[in-house]
1. Kindly establish whether Gly12 is at pLDDT 80 or above and either loosely packed, with under 10 Cβ neighbours inside 10 Å or within 30 Å of Pro96 (Cα to Cα) (or both).
2. Pick out, from the range 63-133, the strands (runs of 3 or more DSSP E) lying fully within it that include 2 or more residues that are over 17 Å from the mean Cα position of the chain (by Cα) and surrounded by 14 or more Cβ atoms within 10 Å (Cβ to Cβ).
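The values are calculated or read from the model by the stated rules, or taken from the named source; none is laboratory data. Values in this document were obtained by computation on a predicted structure and should not be read as measured data. Backbone-built Cβ (ideal geometry, glycine too); neighbour counts: all protein chains shown.
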Amino acid sequence: MKLRRARKYGRGRIEIIPMIDVMFFLLVTFMLAALSMKHIDSLGINLPTGTASRIEAARPVTMAITQNGEILLDQVPVTLNNLATVLRPMLEGQDPSIIVAADTKVAQGIVVQAMLNARQAGAEHFLIAVENQ
């Protein structure tokens with residue numbers, strides 16, 4: 001008489017579908033984490049180099065002047081003609097200091113005109129942004 005086994009033993013299988021799901025989840029997680037660490041809204045301005053002490057203002061307004069002469073007040077594009085009218089409400093009730101972040105290749109005349117227009121709007125102090133050496 002031939003005896004049968006009580007259980008059938010099948011070959012073991014390695015399921016890779018759940019492993020692929022986990023790998024895609026980790027990939028997406030690390031991609032989102034890397035994107036959150038990068039400043040996406042930053043401007044590409046080549047600041048002049050120099051040594052300066054760090055100055056903290058309460059909530060300063062940043063005036064950025066790009067390489068091709070565009071002027072931005074706290075990421076808001078303005079022109080030399082309407083700079084004073086846009087800046088005046090920004091300076092009401094706060095520190096009248098402005099951080100000037102001008103590209104190294106921008107013409108000096110544009111920077112001076114922007115600072116004079118800011119002075120008409122009520123700015124008292126100008127802090128020049130530099131890249132530390």
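1. Values: at pLDDT 80 or above: no; either loosely packed, with under 10 Cβ neighbours inside 10 Å or within 30 Å of Pro96 (Cα to Cα) (or both): yes.
So Gly12 fails the test.
2. Numbers: elements: 71-73, 76-78, 97-102, 125-128.
Because the criterion is at least 2 residues that are over 17 Å from the mean Cα position of the chain (by Cα) and surrounded by 14 or more Cβ atoms within 10 Å (Cβ to Cβ), the strands (runs of 3 or more DSSP E) in the range 63-133 that meet it are 97-102, 125-128.
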